[in-house]
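Novice: One structure, pasted below without further comment.
Rule-based calculations on the coordinates, nothing more; no lab input. Note that the structure is a prediction, hence the values are computed from the model and not measured. Note that we place each Cβ from the backbone using ideal geometry, even for glycine, and neighbour counts take in every protein chain shown.
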Amino acid sequence: MAAKLLLLSAICRLIVIVGLTLHPTDILLVGTENQLSFNRSDIQSASLDFGRMKTVEPMAVLHPASASDVSNLVKLAFESAHGFAVSARGHGHSINGQSQAANGVVIQMSGSRGRWSPEVSEKLMYVDVWGGELWIDVLKSTLQYGLAPKSWTDYLYLSVGGTLSNAGISGQAFNHGPQISNVHEVEVVTGKGEVVTCAEDKNSELFHAVMGGLGQFGIITRARIALEPAPQRVRWIRVLYSSFSGFTHDQEYLISLHGQPKFDYVEGFVIVDEGLINNWRSSFFSPSNPIKISSINAGGGNVLYCLEITKNYYQHSGPESIDQEVEALLQKLNYIPGSVFTTDLPYVDFLDRVHKAELKLRSKGLWDVPHPWLNLFVPKSRIADFDQGVFKGILGNKTSGPILIYPMNKNKWDDKTSVVTPNEDVFYLVALLRSALENGEEALTLERLSDENRRILNFCNENNIGVKQYLPHHTTQQEWMDHYGEKWPQFYKRKMEFDPRHILATGQKIFEPSFTSMTRSW
Ligand code: FAD
């Protein structure tokens, strides 16, 4: 009873603050005490994200049990006199507060009570999942049928709605495209509270808008994801390069192979001086025997590049045949002789590799620290300039986290979606995944790493490198207009159509809410 009274008083407070033209009991239709929470721990966890650089408190947190719960809440915000911000939150793995909702309501999509389980169609090779489902749980469900999604992120404790709102990329993207290229259909709650099913050929404007739409046009409550037969094992190989042009030449060659034997995954990373070839993202080499750059005959350079490739296979095809296939592919590459490192593991263990590293970092207290990450798409024609200016220039010899680099084919991306990529057939992801540690080492402080990020962006600007941020973070509308470039008018028109009051995902800071008086911290 006391809990109910507390809830009612919190709801009254919300109603007074946002000026809803409602009776308090109406909001109970939206959120029963099981769904709308004013609990301190819920508010606190929704006010932080993986970036750990900014705390913004919502008024309440909704734990939806269905798309109707999401729709009822958004409708309430849309129809209320003053409006209030509503942000879907997947697993809160953004860096810059993208799923926060100042003085509004955060809808906690992942782990929400009453969500339904993934439903697999073996015949049509797809799975229907709740928008807050984590990719690890999607994988576990589909594997029961010997099937798996085709395109991944490196880390699986991310929500389906969260990655589809960005793109969802990993080493399979060169071949299958990003995750948004592998979705048949989504169910979306728009900024007006309407529940709409959309696909390439059905309400296609909304479908394309939400793919990579940064949560601006609707909340994804269900997604239908394409599947393929799941491989059983993975041969995972790393080879080293001292020459950047040799490294990128081989990466670009590997992603150009069509209709012939090829690797299933192509990534890579940069190792600067003093770095170990192991990093937290994956302890591939024996931890008891870490490999130092200086131990490799690298031709005197300060920086090494590691190509990371995999070949999937089925147990029944036998280890000899996979040996031969891998050998034939490796023969075409120009890595440092003797620098081949190979391991073999079950498919699931490969896909879930980053989680192992997470557990290790957590045990050392190194996971919940600030993460000033910077992800850039760099056009192929300028990647060598980027190497000179950033890897061999701005970055010091202590990078405080993995630096990924891998190319993708633009023809696997649908230009009708909301994502922006450089205007070249091939572009690279460069991901600076660094952790700030206030442990006395100046090179690793948040201030220092943030300053380096600014210098990298300035360098790209001044030299017209033509980069686009992935998981973008901008703070003014002008910066967003520059980010979207010629796509901005379409992006703006879609916003006016699907979220005219600018209720959704205000944490992205793209559109000023139409209820500014209530959200001064926007
Ligand atoms: P949140 O951070 O909770 O939300 C992100 C944005 O999407 C917010 O604006 C939010 O409002 C919106 N949103 C969330 N759910 C929905 C929904 N259902 N409908 C509409 N909008 C929604 N990304 C890659 O592409 N490849 C990688 O390999 C990769 N690896 C990562 C590894 C780690 C350790 C981490 C922390 C992140 C990684 N990411 C990667 C980035 C990741 O894709 C983004 O953080 C993304 O936001 C997903 O996180 P989330 O599900 O926690 O979403």
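Novice: Computed FRET efficiency, Cβ-Cβ of residue 475 and residue 123, R0 41 Å: what is it to the nearest 0.05?
Specialist: 0.30
Novice: Show me 452-465, 208-221 ranked by packing, highest mean number of other Cβ atoms within 10 Å first.
Specialist: Highest to lowest by the protection proxy: 208-221, 452-465.
Novice: Also, I was wondering about something else. Counting other Cβ atoms within 10 Å, keep those with at most 12, restrict to DSSP loop, and tell me which trypsin sites (Lys or Arg not before Pro) in segment 307-402 are left.
Specialist: Here the sparse-neighbourhood loop sites are 332, 364.
Novice: Oh, and also: What whole-number value in cubic angstrom gives the convex hull volume per residue for the C-alpha atoms of the chain? Could the numbers behind the result be given before it?
Specialist: Values: hull volume 79.9 nm³, N = 522.
Normalising the Cα hull of the chain by residue number yields 153 Å³.
Novice: Using the scaling law 2.2 N^0.38 Å as the reference, what is the normalised Cα Rg of segment 393-522?
Specialist: 1.26
Novice: Let me see the pair-distance distribution of segment 163-220: every alpha carbon pair, 5 Å bin width, integer percents in order.
Specialist: The distribution over segment 163-220 is 5, 21, 29, 23, 12, 7, 2, 1, given as percents.
Novice: Of all beta bridges DSSP finds with both residues in the chain, what is the antiparallel percent, to the nearest 5?
Specialist: 90
Novice: Dividing the convex hull volume of the Cα atoms of segment 50-163 by its residue count, what figure in Å³ per residue is obtained?
Specialist: 108
Novice: Along the Cα→Cβ direction, 7 angstrom out, place labels at residue 461 and residue 201. What is the inter-label distance in nm?
Specialist: 4.6
Novice: Follow-up. Calculated from DSSP H runs of 4 or more alone, at -39500 (n - 2.57) each and per residue, what is the 222 nm mean residue ellipticity of the chain, nearest 500?
Specialist: -8000 deg cm²/dmol
Novice: Next question. Under a straight-distance cross-link criterion of Cα-Cα below 17 Å, which lysines are reachable from residue 356, leaving out those fewer than 8 residues away in the same chain?
Specialist: Qualifying lysines at Cα under 17 Å: 140, 364.
Novice: What angle, in degrees between 0 and 90 and rounded to the nearest 10, separates the Cα long axis of helix 319-330 from the longest principal axis of the Cα atoms of the chain?
Specialist: The answer is roughly 80 degrees.
Novice: Going by alpha carbons, how many degrees (0 to 90, nearest 10) lie between the helix axis of 244-256 and the longest principal axis of the chain?
Specialist: The helix 244-256 is inclined about 70 degrees to the chain.
Novice: To test your reading of the geometry: what angle, between 0 and 90 degrees and rounded to tens, separates the Cα axis of helix 488-498 from the longest principal axis of the chain?
Specialist: With both axes taken from Cα atoms, the answer is about 40 degrees.
Novice: Contour minus end-to-end for residue 442 and residue 144, with contour as 0.36 nm per residue of separation and end-to-end as the Cα-Cα distance?
Specialist: So the extension gain works out to 102.4 nm.
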